[in-house]
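Notes for the one structure printed next.
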Amino acid sequence: MTSSEDQLENSTNHASLERAKARSVELEEAIDQDPSRFRILTGDRPTGKLHLGHYFGTLKNRVELQNRGVETWVLVADYQVITDRDAVGPLRQRVLGLVADYLAVGIDPKRSIIFNHSAVPALNQLLLPFLSLVTESELHRNPTVKSELDATNGRAMSGLLLTYPVHQAADILFCKANLVPVGQDQLPHLEQTRLIAQRFDRRYGRADKEHPVFPRPDALLSKTPLLLGTDGNKMSKSRGNTIELDMTADETARVLKKAKTDPDRVITYDPENRPEVSNLLMMASLATGEDPHAIADRIGDGGGGTLKSVVTDALNEFLAPIRERREELAANEDYLLEVLHHGDEVANEQADRTLAEVRRAMDMVY
Ligand code: TRP
């Protein structure tokens, strides 16, 4: 790519980010006015345990949206696990662990639907007509696909990795979700999903233009600051810098003891110049609701050791009730399965209805 094309792409991204931000403000107001207008679809890949980054980045927000009265569908994206790896790992255990995490943090199975890809055949079948609506070069240009590929360290691009934005469009569109809470990096997926919805309705144009088969879903950008791992790098399991929701208080203390700080004994909140110290302060702040500057002032010249013990106490206290609930849930596999099976049943009814509509639009009912 030439540098002028680069610049063009950057400025377009910038403009679309600004648009998405402004749109999110409007959406938040619309939710307050009438939450029943919205249906949310979100989800996670069952590739490992959920950690603090997930909690403050998305889970907390999902629970709040649910509690504000928005119908929330939560997808355990089991088919997406194989996009960038050969083996699925201990998948059953991870799927049930994810369900336990969801319930422990406050996703309420009476109000929200928890379901998984592989149990909903009609969702996956949408991939066929949807694939006909995108071009190969469009998929190759998707920045999220590019960065996912880069993260696999030279692994060849699989057909599924290339097309997973289309699968994700099926996740969103099968249940006619019109709102998807995302981080900035996921905006291209939403754009692709809207294009697919638009092209489907154009190609199989219904006489009745007032009632398109699919909604045009909006991104709802999350407002939470990015939490880094305990070493100041991106929080990720493979770096051993995460605090997982199901860790014990002792394990949490151990991870934080190894956390990176800096030689200045006077603790200050200064994300630009002291990223590691500030990130630890942010963890404590998110756990207690207290301003990070105030926490820093209290620690004063107590140094990294005091900071770490303050963060450990704050996190352990905050996580204690979540961990307690999670432990009870994890011991009750029957209940976790019951929640998932119920969600799958609701998801199947919806997916069958949507697929029937799609086939009708495509004149495939015989
Ligand atoms: N890609 C998401 C993740 O990596 C999971 C996911 C699958 C998803 N389908 C989705 C998120 C649809 C939002 C919308 O965890």
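Quick look at the values:
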| item | result |
| --- | --- |
| Unit Cα scatterers, Debye sum, the stretch 5-135: log10 I(q)/I(0) for q = 0.09, 0.21, 0.23 Å⁻¹ | -0.36, -1.23, -1.26 |
| From the C-alpha gyration tensor of the chain, square roots of 5λ in Å | 38, 24, 20 |
| Equivalent ellipsoid semi-axes, the stretch 234-307, via Cα gyration tensor eigenvalues times 5, rooted, Å | 21, 13, 12 |
| Gain on full stretching of the segment that runs from E26 to D231 - 0.36 nm per residue minus C-alpha separation | 70.1 nm |
| Share, in percent, of DSSP beta bridges within the chain that are antiparallel, nearest 5 | 10 |
| In the stretch 197-275, the trypsin sites (Lys or Arg not before Pro) that fall in loop regions by DSSP, at most 10 other Cβ within 10 Å | K209, K223 |
| Where a label projected 7 Å from the Cα of S132 along Cα→Cβ would reach, residues of the stretch 338-355 with amide N under 16 Å | 355 |
| FRET efficiency estimate (nearest 0.05) - Cβ-Cβ, D363 to A294, R0 45 angstrom | 0.10 |
| Stokes-Einstein translational diffusion, the stretch 162-202 - Kirkwood Rh over all Cα pairs, 0.692 mPa s, 37 °C, in µm²/s | 315 |
| Cβ-defined net charge surrounding T230, 11 Å radius [Lys, Arg +1; Asp, Glu -1] | +4 |
| Cβ-Cβ FRET estimate between E327 and K110, R0 fixed at 22 Å, reported to 0.05 | 0.55 |
| Computed over the stretch 232-366: relative contact order in percent, which uses C-alpha pairs under 8 Å that are six or more apart | 22 |
| Residue-averaged [θ]222 nm for the chain, counting only DSSP H segments that reach four residues, each worth -39500 (n - 2.57) | -17500 deg cm²/dmol |
| For the stretch 123-172: Kirkwood Rh in Å [reciprocal of mean 1/r, alpha carbons] | 11.3 |
| The stretch 267-366 - convex hull of the alpha-carbon atoms, volume per residue in Å³ | 174 |
| Under-5 Å amide H pairs with D84, H placed in peptide plane, nonlocal only | none |
| Relative contact order (percent, whole number), the chain, Cα cutoff 8 Å, 6+ residue spacing | 20 |
| Contour excess over end-to-end distance, with Cα ends at R254 and N348 and 0.36 nm allotted per residue | 29.5 nm |
| Residues of the stretch 120-158 with amide N under 19 Å of the 7 Å Cα→Cβ point at H341 | 120-121 |
| Cut-off 10 Å between beta-carbons: net charge of the residues surrounding V81, Lys and Arg +1, Asp and Glu -1 | +1 |
| Separation of the I82 and S16 label points, Cα + 7 Å toward Cβ, nm | 3.0 |
| Solvent-accessible ranking of L315, L187, largest area first, probe 1.4 Å | L187, L315 |
| In nm, spacing of pseudo-spin labels at R239 and R141 (7 Å Cα→C-beta vector) | 3.2 |
| Two-decimal Rg to Rh for the stretch 193-263 - Kirkwood Rh, Cα set | 1.39 |
| Equivalent ellipsoid semi-axes - Cα gyration tensor, the stretch 118-240, angstrom | 30, 18, 13 |
| Environment charge at D44 (Cβ cut-off 12 Å; Lys +1, Arg +1, Asp -1, Glu -1) | +1 |
| Accessible area per residue in Å² at 1.4 Å probe, computed on the chain | 50 |
| Peptide ranges 156-168, 133-145 listed from the most packed, as the mean C-beta count within 10 angstrom indicates | 156-168, 133-145 |
| Accessible surface ranking that places the most exposed of L245, L329 first, with a 1.4 angstrom probe | L329, L245 |
| Normalised contact order of the stretch 167-284, rounded percent, pairs of Cα under 8 Å and 6 or more residues apart | 21 |
| For the stretch 35-100, convex hull volume per residue from C-alpha positions, Å³ | 91 |
| Alpha-carbon centroid distance for the pair the stretch 142-205 / the stretch 55-93, whole angstrom | 16 |
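The values are calculated or read from the model by the stated rules, or taken from the named source; none is laboratory data. If you're wondering where the values come from, they're calculated on a predicted model, not measured in any experiment. Every residue, glycine among them, receives a Cβ derived from its backbone with ideal geometry; neighbour counts consider all protein chains shown. Keep in mind that these areas ignore ligands, DNA and RNA; they rest on the heavy atoms of the full protein, side chains included. Shrake-Rupley method; radii C 1.70, N 1.55, O 1.52, S 1.80 Å.
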